[in-house]
Amino acid sequence: MSRPDRVGTVVVGAGPAGLATSERLAAAGLDHVVLERSRVGDTWRTQRWASFRLNTPGWMSGLPDRDGFGTAQDLVDALERRAARLPVREGVEVRGVWRRRGGGYLVATG
């Protein structure tokens, strides 16, 4: 049995909120990892229809076309650019979180 990785903070999910959290943790110099069960922005890739458009302008979503209303693919591309600078591990499913002694937590992954 291998020794588990130890990290200060675990963020579950590499969508917009998970990546924003990771950016703040990184800016504060805190040790962390982002675990994503599939790929960055996967639900934006697989659960949106082809004609989907964001209902907020690009400046609110961090997209290059600041005044336009981006597509799901535009958002996926932006998320991938953000994730490239962050400690994201794709293909890691979180199966459970348990409290351990000493105030830490055990995060069980697939």
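The values are calculated or read from the model by the stated rules, or taken from the named source; none is laboratory data. In this text the structure is predicted, and so the values were computed from the model without any measurement. Neighbour counts are summed over all protein chains in view; Cβ atoms, including those assigned to glycine, are modelled from backbone coordinates with ideal geometry. Side chains are part of the model used for accessible areas, which takes the heavy atoms of the whole protein and leaves out ligands, DNA and RNA. Shrake-Rupley method; radii C 1.70, N 1.55, O 1.52, S 1.80 Å.
In a reduced charge model with +1 at each Lys and Arg Cβ and -1 at each Asp and Glu Cβ, the chain shows a dipole moment near 540 debye about its Cα centre.
Between helix 72-83 and the chain there is an angle of about 40 degrees, using the helix long axis and the longest principal axis of the Cα atoms. All other residues whose Cβ lies under 12 angstrom from that of Leu30 are scored, Lys and Arg at +1 and Asp and Glu at -1, for a net of -1.
For the chain, the antiparallel share of DSSP beta bridges with both residues in that region comes to about 45%. Size check on segment 42-91: the Cα extents along the three principal axes, sorted descending, read 30, 22, 11 Å. Within segment 11-110, the chymotrypsin sites (Phe, Trp or Tyr not before Pro) that combine a DSSP coil assignment with at most 16 other C-beta atoms in a 10 angstrom radius are Trp49, Phe52, Phe69.
Quick check: from the Cα gyration tensor, does segment 17-67 come out rounded (a/c under 1.5), prolate or oblate? Judged from the Cα gyration tensor, segment 17-67 comes out oblate (a/c at least 1.5, b/c at or above a/b). Computed on the Cα trace of the chain, the radius of gyration divided by the Kirkwood hydrodynamic radius gives Rg/Rh = 1.05. Annotation for segment 11-110: trypsin sites (Lys or Arg not before Pro) lying in DSSP loop with at most 14 further Cβ atoms inside 10 Å of their Cβ are Arg66, Arg85, Arg100.
In the full protein context, segment 19-103 carries 68 Å² of accessible surface per residue, based on a 1.4 Å probe and ignoring ligands, DNA and RNA.
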